[in-house]
1. Quick one: divide the alpha-carbon radius of gyration of the stretch A:176-295 by 2.2 N^0.38 Å and tell me what you get.
2. Who wins for biggest fluctuation among B:Ala26, B:Ala139, B:Ala127 in a Gaussian network model of chain B, springs between alpha carbons below 10 Å?
3. With everything on Cα atoms, drop me the angle between helix A:268-278 and the longest principal axis of chain A, reported from 0 to 90° to the nearest 10.
4. So what's the angle, to the nearest 10 degrees on a 0 to 90 scale, between helix A:331-344 and the longest Cα principal axis of chain A?
5. Got the relative contact order for chain A handy, in percent, Cα pairs under 8 Å and 6 or more residues apart?
6. For chain A, modelled as a Gaussian network with Cα springs under 10 Å, which listed residue fluctuates most, A:Cys150, A:Cys88, A:Cys195?
7. Once fully extended, how much extra length lies between A:Arg250 and A:Glu373, figured as 0.36 nm per residue of separation less the alpha-carbon to alpha-carbon distance?
8. Hey, how many Å between the Cα centroid of the stretch A:226-298 and the Cα centroid of the stretch B:110-126?
Amino acid sequence: MIKIDVEKLVGADRVHGRLYHDPDVFEQELERIWYGNWVYVAHESEVPRPGDFCRKRVGLQEVVLNRDLDGRVHLFYNRCPHRGNQLCLESDGNSSRFTCAYHGWTFASNGDVAGIPLQDGYGENFDQVRARTAMSQVANVATYRGFIFCSVNAPAQPFEEYIAPVRTAIDQLCDLSPEGEVVLSAGWLRHRTRCNWKVITENEVDGYHVRFVHRSLFTATSTRQSETKPDATVVLGNGHNALSFSETYRHSGHEFQWFGGIDRKRVPGYVAAMNERYGEEVATQRFVDGPPHVMVFPNLFIAQMNILVIQPLSPSESTQDTTPVLLKGAPEINQRMLRRSEAAMGPAGMFIADDGEVGERNQIGLSSAMYPEWLELSRGLERERVEGDQVISDETDEGTQRAIWARYTALMANS
Amino acid sequence: MDEVMTRAESINMDVHAFIAREARLADDHQFAEWESLWADDDDCLYWVPAGGEQDPSTRVSYVYDNRARIRTRVRQMETNQRYAMEPPPRLARVVGNIEVRDTDGDIVTVRCTFILVQFRGVHTTWAGSITYRLRRSPAGLAMLMKKVELVDRDGWLTTFAFLL
């Protein structure tokens, strides 16, 4: 397999356009990024009851997430161990068994063979055959606050190391629930965009574009972007990045700016439950601070109260699936959350449709015009500052993109 | 007998004419005129469900616009700054198999199917069934609900900012 020398294609302040459309680069990304280190798959709340299952993707792999009848969560490859048929056809559901339509083999919810029709055809070998034809599970699976990550092959780093820079952000999200749990049960808006996956990953921590790409929405709703714009780009480490809203929100001091600026009197049950669980002072701070806005490399975007999962399809096509973050124990919030999510997100979303459009134009530019070869990624180099483990800069700066490329290079490097 | 037949035909004809007009306005991106086809009720509904269950109290849809949100969506397009509509795609749709499924006082429920071809650099086909709830008044018909169930709502959709 041809190995691309990525170090020659990524500089301190520039990136080569080839990385967005070269098929050999894509193949190497599959090996090193999608199958070679931790990627986000699903949330435990998507399979709440024993027997629940749903189909997901890891890179180009089809997988099935389920909760077995003993309550344990599994991540199986969606392939019958007999002769490779597609095992699970439905998007989601509940079943105590998996049954292959081809020859009727059945599998228990933990992946063990439950039944092989006409087993006399295996003679004395039957027990051995049965033992080695359990459903295959993804080798490396790890979870933080219900967010399930996996690595198909040996991961480039231990999970604890991978997740460390974004623990605080995930906590910030989950701790908006009076029960400390988020629920992703509202279904998914599935968006296919004709652009490389990195165009999307980079855009999620790009503050620079908002006043241009989303101008139509600010005009239509008579709002100014300055009212709710992020106050900084934050490089978290390991390729993870965030846009900070905490200064913006704290400066005004208003509660729920991340939720349409509603008055707490309209969600009395939620306020009471949060006060009860965390105390008034902490609860009030959370109403002000709200959720994080963090891009967990490579493919989990926590867009405040929406989850957006990026997957590659080809060098020039990707998918983005979104669902609103529902909060366990907060029914008053959740109803509104559905409608807010619908307005902004998805292929028809008043925000996202324009991001999708710009992403597709970017792919056309990158793949059908050869020059200039390099993308300019120097914005903010002069003014970014190191603060502990993080690098902070203006919300329009490109330190976040540079950090994505640094992590990308480390994972893709010839070793 | 002739009177009954004439009435049945005339009911179908005004619905057919309304649907054809709505399709033309949506194809031609005539946002203001299209919006004027809606009743003024707050709970008007322009609905494009996602795959799976369709309970809006627990699940999100691609579009789930009440009357106020229809206004915002149209307003956004009228800015002529919506990147996904710059330039607007060329659209041609056919709406057919029109059946009046129910008449309850002045509310008519209509079911039909559509196929729409979109082109702007790339050729994309959309298709599905539409359920309309229309209110009939002396002034004519007005939309209370337009529910578009896409054939590929369980799959992945490309960007659509135009009126489906």
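1. Relative to the rule-of-thumb radius for its length, the stretch A:176-295 sits at 1.23.
2. Maximum among the listed residues: B:Ala139.
3. 80
4. Between helix and principal axis, roughly 80 degrees.
5. The value is 21 percent.
6. The residue with the greatest mean-square fluctuation here is A:Cys88.
7. Contour length minus Cα-Cα distance gives 40.1 nm.
8. 41
The values are calculated or read from the model by the stated rules, or taken from the named source; none is laboratory data. Given the structure is predicted, the values throughout are model-derived calculations rather than measurements. Virtual Cβ from ideal backbone geometry, glycine too; neighbours counted across all protein chains shown. The area values use the complete protein model at the heavy-atom level, side chains included, leaving out ligands, DNA and RNA. Shrake-Rupley method; radii C 1.70, N 1.55, O 1.52, S 1.80 Å.
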